[in-house]
Amino acid sequence: MTDVLLSVEGLTVHRGARRILDDVSFSLGRGETLALVGESGAGKSTIAAALMGLLAGQARVEGTAAFDEAPDLLSLPEKAWNRLRGRRLAMIFQDAGAALNPCYTVGSQLTTVLRRQLSLGRAEARARAIALLESVGLNDAAARMSAYPHQLSGGMQQRVMVAIALACDPDLLFADEPTSALDVTIQAQIVRLILDQTKQKGASCIFVLHDLALASQSCDRIVVLYAGQVMEAGPSETVLRDPRHPYTRLLKSCVIEIGTSELDPPPGSVPGYDDLPAGCRFASRCPRALPRCRTDKPRLEEVAGRSLACWNPEEAA
Amino acid sequence: MTRPAEGHDPQPLFELIEVEKVYMVRRPGSVFSTAKVGLPALDGVRLKIRKGASVAIVGESGSGKSTLLRVLLGLTRPTEGRALYQGRPIDEVRAEGREFARQVAMVYQDARGSLNPRMTIGALIAEPLRHFAICPETDLPARVKALLARVGLPAEVADRYPSALSGGQVRRVAIARALASEPTVLVADEAVSGLDVSTQAQLLNLLRRLQREMALTLVFITHDLGVASYLCEDIAIMYLGRIVETGPTNAVLNAPAHPYARALRRAAPEFFAPITEPLPGEIPSPLDLPPGCRFSGRCDRVQPDCHLSDPALLRFGGPAANRAAACFYPLTESPTAPQKRDIHA
Ligand SMILES: Nc1ncnc2c1ncn2[C@@H]1O[C@H](COP(=O)(O)OP(=O)(O)OP(=O)(O)O)[C@@H](O)[C@H]1O
Ligand SMILES: Nc1ncnc2c1ncn2[C@@H]1O[C@H](COP(=O)(O)OP(=O)(O)OP(=O)(O)O)[C@@H](O)[C@H]1O
Ligand code: SF4
Ligand SMILES: [Mg+2]
Ligand SMILES: [Mg+2]
């Protein structure tokens, strides 16, 4: 990675006594796409919220996140955020229907963003908004400007969300499961759209995903989380072709592709945050756990071209 | 598996013949007017389900999958056409008493919503046991325990309330409840979607085992082609109220004949494969269907005559192939035109 855009070090988030994120570190280059994967409750949305400065007053946040020339996003005052959020860092939420305001037309939501963030005049904002809607593949864009969100299909709403997120040419785009509420063919369209648009603009993108196969197809890098800890991270090709962390192996072995004939999932499920072991949070389900795994926390170390936190990693495949 | 060796079909368990379901809905945009228009949720649907079969119903949102299930369960009466269970109209069989409801069990998509939050898991599972008089009252605790074990839950779960269970555990409870009446048919609407991959894999293995051990007939709605291929021998692909392709799951997914089936197949994520060129356009509104083939606006094989009439679901590849597609220009391997024979001929 030559030109680092985002570098997260030791991100830790407490909600009350629960340590939701535990010492999360990863980095992302300019123009790269990164997949954040892990099962429900792993803390993927919490990472996005922390980096967007949305946890203030809700949770205790520690660690640093260097972003471009800003030394630390996590310690920025709210005022400084107003210049970054929506402009340099943008977010696409999982449920577009809920993220769009039902009371305003698509056009007015888009022009409001453009006028506020880029101080454009009325006519200029309108022309720019129409161009944006066209660029996300909404046909008849001028007419769609006066549509209310409920008059659009889920796929079109998601395109509008993409248009709003990209309105100010952000450097970094978070897409929190941008497609899981959509159907497969529309899902493919939206992922493709986000990739094309960010590539074209040289922006970086963090995708929160459930689907490892989709991550392998769409992202340069991957971070595998389990119960708030990074288990394995690195180039997605390296990590997914030859996972070394037992949890990454497990996740991969549970992926059903067309033609999969046998699945061998491990028993049990993700633990609650109230009864976590002191050591590796995966220890209670890990087929390779050693006694020390329950008591000592493995640190992220560079192994075989990726970062790995495990006392007893898998052999090369 | 249960496919007959000889050519002639025995009577199927379920048979849908030209089933149509039109919902009357308010015309969009007319908030204050009461003018209603017909929304064709199902249109000309033909489907046979053999005893012991496992059938996946796939298709995009709004294609009519849930409506099809409601018709199979006798909860919705078709506007046109016939829906038969063992040769008799489903609503008639259902009205006769509890037997149909005992035989045909349903697992709802919203498992948590289908369970009364004020009842313990034990009481929730005992409910259908009592309702269908499956066993004497004294045997109830043992039955409940056996059902919990069957779906891989520990016995102590019986004393808990649904709120104290995880999403995957709640789905297991819903399956245990459905199995309580000792059904021969299990109908499930997106029973594993939205779950963690490891939980999903556990549940799929459970359903597979149950289907084999109890010779269940399984009708499984899913939007995940991988899940369909893992669990179901046969597949029916729907688009805007019509079945556009049916056949053995592996054959269909390896070589789809309908252009929409191929698009679905291509859109399915695959490790390290380059991301595919997506299908253009949006799904049309069911209130504003294009003339002719409903897929014509997004289809890359479209010809002028596709806009003139709606293609019927026709068999191709001979009786042994057991495949059918509703397309004038299907992607069949043979260079000759597909055998255009009516599915019922
Ligand atoms: N507002 C909140 N208050 C208290 N706890 C919360 C809140 N939001 C999230 N959590 C908890 O933090 C943990 C991590 O949640 P998060 O939403 O980051 O997970 P996720 O990886 O995004 O999961 P999913 O895949 O289900 O979206 C979970 O245990 C969750 O219950
Ligand atoms: N009770 C109803 N009244 C009016 N319209 C309905 C009703 N139920 C379903 N529809 C409409 O019928 C069509 C088919 O709906 P259905 O629920 O069967 O689709 P589906 O394939 O199950 O979709 P999903 O994947 O979103 O569950 C949709 O256009 C839907 O809006
Ligand atoms: S009938 Fe025509 S438009 Fe419809 S799927 Fe076949 S080729 Fe495409
Ligand atoms: Mg989340
Ligand atoms: Mg449905």
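The values are calculated or read from the model by the stated rules, or taken from the named source; none is laboratory data. On a predicted model such as this, the values are computed, not experimentally measured, just so you know. FYI the Cβ positions are ideal-geometry reconstructions off the backbone, even for glycines, and counts take in every protein chain you see.
Counting only strands (runs of 3 or more DSSP E) that sit completely within segment A:161-259, those holding 3 or more residues that are out of contact with any Asp or Glu (no Cβ under 9 Å at 6 or more places or on another chain) and farther than 26 Å from B:L279 by Cβ correspond to A:229-235. The requirement of being within 14 Å of chain A (Cβ to nearest Cβ) and either within 20 Å of the chain's Cα centre (by Cα) or surrounded by 23 or more Cβ atoms within 10 Å (Cβ to Cβ) (or both) is satisfied by B:R212. Among the conditions (1) away from chain A (no Cβ under 12 Å); (2) buried (at least 24 other Cβ atoms within 10 Å of the Cβ), the only one that B:A228 does not satisfy is (1).
Within segment A:258-286, the set of residues being surrounded by fewer than 11 Cβ atoms within 10 Å (Cβ to Cβ) and either in contact with a Phe, Trp or Tyr (Cβ under 6 Å, 6 or more places away or on another chain) or touching a residue at least 40 places away in the same chain (Cβ under 8 Å) (or both) comprises just one member, A:D274. Can you say whether B:L308 is over 30 Å from A:D220 (Cα atoms) and more than 16 Å from ligand 1 (Cβ to nearest atom), as far as the supplied structure shows? So B:L308 passes the test. The set of residues in segment B:263-273 that are out of contact with any strand residue (DSSP E or B) (no Cβ under 9 Å at 6 or more places or on another chain), within 7 Å of chain A (Cβ to nearest Cβ) and of a type outside the set (F, W, Y) comprises B:A263, B:A267, B:A268, B:P269, B:E270, B:A273. Inside segment B:281-295, residues that are away from every other protein chain (no Cβ under 12 Å), in contact (Cβ under 8 Å) with a residue 40 or more places away in the chain and surrounded by 15 or more Cβ atoms within 10 Å (Cβ to Cβ) make up a count of 2.
Which of the following residues is more than 9 Å from chain B (Cβ to nearest Cβ) and under 30 Å from B:N254 (Cα atoms): A:R249, A:R244? Residue meeting the stated conditions: A:R249. Within segment B:72-81, is there a residue that is surrounded by 20 or more Cβ atoms within 10 Å (Cβ to Cβ), in a helix (DSSP H, G or I) and within 14 Å of another protein chain (Cβ to nearest Cβ)? Looking through segment B:72-81, none of the residues is surrounded by 20 or more Cβ atoms within 10 Å (Cβ to Cβ), in a helix (DSSP H, G or I) and within 14 Å of another protein chain (Cβ to nearest Cβ). Does A:Q151 satisfy being modelled with pLDDT of 90 or more, more than 23 Å from the chain's Cα centre (by Cα) and under 30 Å from B:S63 (Cβ atoms)? For A:Q151, the condition - modelled with pLDDT of 90 or more, more than 23 Å from the chain's Cα centre (by Cα) and under 30 Å from B:S63 (Cβ atoms) - is not met. Checked against the criteria, B:L253 counts as facing another protein chain (nearest Cβ under 8 Å), farther than 20 Å from A:I190 by Cα and not basic (K, R). The set of residues from segment B:220-279 being over 14 Å from the mean Cα position of the chain (by Cα) and among the basic types (K, R) comprises B:R262, B:R265, B:R266.
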